[in-house]
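S.K.: Following this message is one structure expressed as structure tokens.
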Amino acid sequence: MDCEKAGALMMKYMDGVLTENEAGSLHQHIKVCARCEEDFLAYDGIMNNFAEMSLSEPPEGFEIRVMEIIRQLPEVGLKSVHRALYGVLGVFSVLLGLGIILNMNKESLLNWVDRYPQLQPLARIYAPISDAVGNISLQVSSAAAQILSVLRQAGSGLSYVPLLLFALLAAAQFVMYRRERVAGK
């Protein structure tokens with residue numbers, strides 16, 4: 001028997017579901033494997049400590065008090081999740097836009113920073129970040145170009161897609177409005 005199998009049998013022992021056959025196999029392995037014997041003795045000690053412990057009952061009305069406290073907690077609904085998501089998306093958009101603007105003016109910004117020796121550490125930080133933003137912009141532009149190419153190849157058969165998307169967005173907005181209105185009653 002290997003140590004992994006012995007470990008699984010030790011867990012069964014702790015759960016109290018070890019068969020006699022399995023107990024014999026585990027015992028044989030523990031006699032020849034010092035590491036597993038050490039693990040078994042530790043587990044057995046834990047089990048003995050648990051057996052010696054006495055359980056205490058919670059005070060009268062404990063569950064009722066806990067449930068009342070839970071009921072008084074403010075509900076975390078989709079609105080708070082949406083606000084957080086919109087906040088993250090907003091910050092990401094601002095940072096990406098700022099990165100693109102800085103990347104577009106990289107040379108003039110680096111020339112300006114070169115004139116001031118105290119800003120040299122900023123230049124060492126800015127250059128790799130600017131390169132990363134440039135790579136991201138290039139990948140986004142490439143993906144957009146590929147999407148436009150595929151759409152052009154699909155031809156005029158896709159002229160109804162914007163209308164379909166608009167209808168789907170309007171339907172989704174109506175469903176969300178109705179849910180909020182019903183939940184508000």
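S.K.: Inspect all residues belonging to the range 122-137 and state whether any of them is part of a helix (DSSP H, G or I) and at pLDDT 80 or above.
M.R.: Going residue by residue through the range 122-137, those that are part of a helix (DSSP H, G or I) are 122-137.
Still in the running and at pLDDT 80 or above: none.
Scanning the range 122-137, I find no residue that is part of a helix (DSSP H, G or I) and at pLDDT 80 or above, so the answer is no.
S.K.: Step by step: first the residues of the range 26-80, then only those that are part of a loop (DSSP other than H, G, I, E, B) and hydrophobic (A, V, I, L, M, F, W, C), then the one that is modelled with the highest pLDDT. Which residue is that? Outline the logic, then answer.
M.R.: Looking only at the range 26-80, we keep the residues that are part of a loop (DSSP other than H, G, I, E, B), and these are 33, 53-61, 73-77.
Still in the running and hydrophobic (A, V, I, L, M, F, W, C): 33, 53, 55, 73, 76.
On the way: Cys33: 93, Met53: 75, Leu55: 72, Leu73: 79, Val76: 60.
Of everything passing the filter in the range 26-80, Cys33 is modelled with the highest pLDDT.
The values are calculated or read from the model by the stated rules, or taken from the named source; none is laboratory data. These figures come from a predicted structure and were not determined experimentally.
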